[in-house]
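The values are calculated or read from the model by the stated rules, or taken from the named source; none is laboratory data. None of these values were measured; they are calculated from a predicted model. Cβ placement follows ideal geometry from the backbone for every residue including glycine, while neighbour counts extend to all protein chains displayed.
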């Protein structure tokens, strides 16, 4: 069943998803802040819209408008722009990594206006968005069912689930990312031990064997192999790790629910530490050890 | 190329591996402490040996003897029993979860006697041992090459690697398990947040979708789905988690190498905590809070 | 210099502070929700007020009104009750453990009305409030100076500091408590090792010696000695540890500022864990280990 | 009661202790590897010995010989040198930070030779050694009693305790240091939050007020004030923190006893991290995030 969809935001994820939708025979009207990306989309066979109004006008009501814009105020701003242009029963989908509390707020606000809402947590990276994503969907049942045919097309088999009421899609995606933080950190720690060990090891071969039959096999280990293939000792890379919000939100949520999350919180702290050259806490401890034990302090170069 | 092999230890892992080897056309002479298991093995077509001496006598030199006995003193004892019975150039394989330091010690000891040694870290659980294992192998090159045809048969495709010199097989397996500890804990933390959240969620469906296209997809998530299928809320299970040694050794190794392993160490501590009803540290803190702030202390029932 | 002060909230901390203020020759008008406590205060020589209005009426403008009520909505409600009754340049002091973000909000709100505000983080427990407290004070300079004589009287020598602008008093107190969480947990861990060790040790004697000349000497160790004096093995106490908010806020603040707080966060998680009989995360891990390794699961009693 | 004592090792701690002993009227024969230190000791009124043999010869049997040499092989070597020179019932005291397992081993070895042994864990830093130390003493009762008069003199009031049988002195000192690690880290974390906060704070003033009446008052906070007095922002100091063994041993012991030590272990890991410029674990995670999400990797400068 072919659907018609407006897609806003042609970043890496958004454009890949748009192509994926189009490949499955759906009609996609695409808008992006910068015109260049729209032209690229047109050349792929998507219908370009050079303004929000144009996008809305090119869709027949009841409309489905899928947002793939950065989490936070961009989502609010886009929804504000859409409200005066769209009708009751139109559906707005937020496919980004929004904080579920924002999602609950937006859902309530739109519900009062009769506009329907759906939150989609999307995993699988750019590759997934393009070729078969994994989606966790929070929505009222009838809304979910209206869009399910399209969701089914763009996801892997068994690659989507209606997690429950609004907010739950982004919530489950948040927790997915929290788990991911912990897994990444565990993998990092393991390889750091290997790297400091007395053995001369081939990390790529190890990642490869671990991905063929071991308990920890999975996509991350597959990617690990790929990464070591490109740079066997990761010599070109700095160990600075940024984060995009969902790990933080997972820990914040855990704190509110009083769930001990030693590994997920540690993973986040280690990332924060990786972004610092030096630490004030380290200075404090070095200074104290010098005071009580006369332990030598390393001085900063002038 | 069919080989002949003596296999000692018909526990869950050992028996599955023996069957797996036999299925691939190799000749397996099997010994176990309890006779019952040997009979079961015979009924499967393995050649039973009711003593170590019998096992050795049923193998032509140079022999290959694969130990699948519990780590620690059982391995030492079995090697001691074998030494007087076997010849130079015979190969002893330790396929258990031995501490790599023991492995290095045993390797040195056997090397002086001209007996060859190979350490095999095996992953993939019972299922893997039976149908396609994942093996990390520490051995001198010629030893590895003598056994490789059999290894290739019993492992999944790409499911084995010669990690390097003796000890490295058990070492890499140890780190594998350390990573596994961290991953398990991260998954546990994630689901505990879901369980305490405001949403009503179907954990099995979530594990399933996470295993189809998400970043954290892998065997653990597949097993998670299976576990929730059997017991949707895990109501029948107590959250007591034991450990078998390799997580501990990973942390000990990390300490020696000065590698910060926040998540792997935490995972281990959480397991230790799960085995305690109450904690002395908690009593200490409760007592102190009572002293300074008059905070109420929970009293033990008489 | 004798001042006149209205004190609201005669709980453990509030009443001790009121007595302390009175002992130093200041005039204290005291209000409490329950009348009993007011009568007790009167019998000590404080001036009772049986309503907020009565309290305000018994103070000459410009007034100083010190709140010692539980953090959160009680503070807001009390401030709301006071606003219509008091004058510009009157000072409201919040001496409780308020979240500094609430303090900043209240300060702004009162400033617009011309009412002055001061936030006081108080440490030293009930003992300190009674006999010599430790206070961290956030306030505009002139407000601080108006009240300093009284502050000086009720605190230990060197036991107060004007930390800076409004909010900073509660902020510094919050961090104090965060550090306290970490210290308590470290002490708890240390004694738990002692308790499980091969040695027969006298904990009270150890706490005592550690408090006389060691690096970790301090009030907590003094209290530790006291606690072990009462109950040498802490046998009567359950290791359940609650928390009152400031540890949580410290971690939340650290997350926002991207400060790695491994020990403070862990301390909080350990407390949360102490309040749980069993954990869902433990069930998840036990179930997974059973799936991949056939490891026995402990079943719940029916 | 004046005793006669041989003291080996005139480092910071040893020399301070020797002076302290001498000040209390005891006779001290002092040996050091480098002669310079011996001359300094002589000028203070200690009796210099320029060899172990000379030291032994200048003491009347039964002798008391106090070792203040670095933990590890130096202690073993010194004991080996002493054995042929001394008599049964002579007492060797190990006043250093030895691992308690070494202490147990040395005790057994010496016991077979009839030489008595005492292990003294010393806290309080150089200041304490000079003016009033804190000592945890493992020894057989009669040995302890022979030396107690001297111990009493050099320690603060209530500043020593006979913790029990041999090994327990170093054990309790080890745990003391473990707790110290956790406390230092908690303090470090707290000040790092202050440093990143929105407030302009005077750290010295805060350390000072926290040391006058607060729950976390103690020697560490006193030293904190001193450190900030010298360098208000710790600008001259690098946050690199080394460790001397006892924190590590505490964590190793906890692992063997299955005690969850989240904060002490974290403290140690944070120190290890402080000594690394970059981390392999960080590289691994950055590489993986790049693989699955296209997240930008920071490249190393050529």
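What number of residues in segment B:115-143 are under 19 Å from residue C:295 (Cβ atoms) and outside any helix (DSSP H, G or I)?
6
Please verify whether residue C:118 is within 19 Å of the chain's Cα centre (by Cα), within 12 Å of chain D (Cβ to nearest Cβ), under 20 Å from residue C:30 (Cβ atoms) and at pLDDT 95 or above, treating the condition exactly as stated.
So residue C:118 fails the test.
Take segment B:195-218 and flag every residue that is out of contact with any helix residue (DSSP H, G or I) (no Cβ under 6 Å at 6 or more places or on another chain) and more than 7 Å from chain A (Cβ to nearest Cβ).
Hits for segment B:195-218 are B:198, B:202.
Is it the case that residue C:60 is in contact with a strand residue (DSSP E or B) (Cβ under 8 Å, 6 or more places away or on another chain) and away from every other protein chain (no Cβ under 14 Å)? Lay out the reasoning, then the answer.
Numbers: in contact with a strand residue (DSSP E or B) (Cβ under 8 Å, 6 or more places away or on another chain): yes; away from every other protein chain (no Cβ under 14 Å): yes.
Answer is yes for this residue.
With the structure loaded, tell me whether residue C:214 is surrounded by fewer than 24 Cβ atoms within 10 Å (Cβ to Cβ) and part of a loop (DSSP other than H, G, I, E, B) or whether it fails that test.
Values: surrounded by fewer than 24 Cβ atoms within 10 Å (Cβ to Cβ): no; part of a loop (DSSP other than H, G, I, E, B): yes.
Spelling it out, it is not the case that residue C:214 is surrounded by fewer than 24 Cβ atoms within 10 Å (Cβ to Cβ) and part of a loop (DSSP other than H, G, I, E, B).
Condition first: within 14 Å of chain A (Cβ to nearest Cβ) and surrounded by fewer than 22 Cβ atoms within 10 Å (Cβ to Cβ). Now tell me which residues in segment D:240-256 satisfy that. Quick ask: steps written out before the conclusion?
Kept after step one, since they are within 14 Å of chain A (Cβ to nearest Cβ), are these residues of segment D:240-256: D:240-247.
Correct list: D:240, D:242, D:243, D:244, D:245.
Farther than 28 Å from residue C:286 by Cβ, part of a helix (DSSP H, G or I), in contact with a helix residue (DSSP H, G or I) (Cβ under 7 Å, 6 or more places away or on another chain) and modelled with pLDDT of 95 or more, is that true of residue B:184?
Numbers: farther than 28 Å from residue C:286 by Cβ: no; part of a helix (DSSP H, G or I): yes; in contact with a helix residue (DSSP H, G or I) (Cβ under 7 Å, 6 or more places away or on another chain): yes; modelled with pLDDT of 95 or more: yes.
So residue B:184 fails the test.
If you take the residues in segment C:229-239 that are in contact with a helix residue (DSSP H, G or I) (Cβ under 6 Å, 6 or more places away or on another chain) and at the interface with chain B (Cβ under 9 Å from one of its Cβ atoms), which one is nearest to residue D:268 (Cα to Cα)?
C:239
For residues that are in a helix (DSSP H, G or I), free of Cβ contacts under 8 Å to residues at least 40 places away in the same chain and out of contact with any strand residue (DSSP E or B) (no Cβ under 8 Å at 6 or more places or on another chain), tally how many sit in segment B:217-253.
The total comes to 11.
Being part of a loop (DSSP other than H, G, I, E, B), surrounded by fewer than 24 Cβ atoms within 10 Å (Cβ to Cβ), at negative phi and touching a helix residue (DSSP H, G or I) at 6+ places or on another chain (Cβ under 9 Å) is the filter here, so list the residues in segment C:277-302 that pass it.
Of all residues in segment C:277-302, those part of a loop (DSSP other than H, G, I, E, B) come to C:277-279, C:294-298, C:300-302.
Remaining after also requiring surrounded by fewer than 24 Cβ atoms within 10 Å (Cβ to Cβ): C:277-278, C:294-298, C:300-302.
With at negative phi added as a condition, the list becomes C:277-278, C:295-298, C:300-302.
C:278, C:295, C:296, C:297, C:298 - these are the residues of segment C:277-302 that are part of a loop (DSSP other than H, G, I, E, B), surrounded by fewer than 24 Cβ atoms within 10 Å (Cβ to Cβ), at negative phi and touching a helix residue (DSSP H, G or I) at 6+ places or on another chain (Cβ under 9 Å).
Can you name the residue in segment C:147-160 that is under 24 Å from residue C:89 (Cβ atoms) and touching a strand residue (DSSP E or B) at 6+ places or on another chain (Cβ under 9 Å) and, of all such residues, is surrounded by the fewest Cβ atoms within 10 Å (Cβ to Cβ)? Let's see the steps before the verdict.
Step one: filter segment C:147-160 for residues under 24 Å from residue C:89 (Cβ atoms), giving C:147-154, C:160.
Of the ones still in play, those that are also touching a strand residue (DSSP E or B) at 6+ places or on another chain (Cβ under 9 Å) are C:147-148, C:150-152, C:154, C:160.
Details: C:147: 20, C:148: 16, C:150: 21, C:151: 21, C:152: 14, C:154: 26, C:160: 24.
By that ranking, first place goes to C:152.
Mind listing whichever residues of segment A:196-209 are under 18 Å from residue B:100 (Cβ atoms), touching a residue at least 12 places away in the same chain (Cβ under 8 Å) and assigned to a helix (DSSP H, G or I)?
A:203, A:206 - these are the residues of segment A:196-209 that are under 18 Å from residue B:100 (Cβ atoms), touching a residue at least 12 places away in the same chain (Cβ under 8 Å) and assigned to a helix (DSSP H, G or I).
For segment B:132-162: of the residues being under 19 Å from residue B:218 (Cβ atoms) and out of contact with any helix residue (DSSP H, G or I) (no Cβ under 7 Å at 6 or more places or on another chain), which is nearest to the other protein chains (Cβ to nearest Cβ)?
My answer is B:156.
Condition test on residue D:259, is it assigned to a helix (DSSP H, G or I) and either at pLDDT 95 or above or in the same structural domain as residue D:186 (by TED's automatic domain parsing) (or both)? Full working, then the answer.
On the way: assigned to a helix (DSSP H, G or I): no; either at pLDDT 95 or above or in the same structural domain as residue D:186 (by TED's automatic domain parsing) (or both): yes.
No.
Of the numbered conditions (1) under 30 Å from residue C:227 (Cα atoms); (2) within 14 Å of chain A (Cβ to nearest Cβ), residue B:288 fails exactly one; give the number of that condition.
Going through the list (1) under 30 Å from residue C:227 (Cα atoms); (2) within 14 Å of chain A (Cβ to nearest Cβ), residue B:288 breaks only (2).
State the number of residues belonging to segment B:1-15 that are surrounded by fewer than 20 Cβ atoms within 10 Å (Cβ to Cβ) and within 18 Å of residue B:120 (Cβ to Cβ). Show your work before the answer.
Here is the first cut: in segment B:1-15, the ones surrounded by fewer than 20 Cβ atoms within 10 Å (Cβ to Cβ) are B:1-4, B:11-12.
Restricting the remaining residues to those that are within 18 Å of residue B:120 (Cβ to Cβ) gives B:3-4, B:11-12.
Within segment B:1-15, residues that are surrounded by fewer than 20 Cβ atoms within 10 Å (Cβ to Cβ) and within 18 Å of residue B:120 (Cβ to Cβ) number 4.
Just need a number here: residues in segment C:88-103 that are surrounded by fewer than 20 Cβ atoms within 10 Å (Cβ to Cβ) and over 23 Å from residue C:3 (Cα atoms).
Of the residues in segment C:88-103, the ones surrounded by fewer than 20 Cβ atoms within 10 Å (Cβ to Cβ) are C:88-89, C:101-102.
From what is left, the residues that are over 23 Å from residue C:3 (Cα atoms) are C:101-102.
Within segment C:88-103, residues that are surrounded by fewer than 20 Cβ atoms within 10 Å (Cβ to Cβ) and over 23 Å from residue C:3 (Cα atoms) number 2.
Kindly provide the set of residues from segment A:257-275 that are over 23 Å from the mean Cα position of the chain (by Cα) and within 9 Å of chain D (Cβ to nearest Cβ), ordered by number.
none
Can you pull out the residues in segment C:172-194 that are touching a strand residue (DSSP E or B) at 6+ places or on another chain (Cβ under 7 Å) and within 7 Å of another protein chain (Cβ to nearest Cβ)?
Answer for segment C:172-194, where residues must be touching a strand residue (DSSP E or B) at 6+ places or on another chain (Cβ under 7 Å) and within 7 Å of another protein chain (Cβ to nearest Cβ): C:172, C:176.
Contact list please: Cβ distance under 9 Å, first residue in segment D:36-47 and within 15 Å of residue D:11 (Cα to Cα), second residue at pLDDT 95 or above and surrounded by fewer than 13 Cβ atoms within 10 Å (Cβ to Cβ), pairs at least six apart or on different chains.
D:38/D:50
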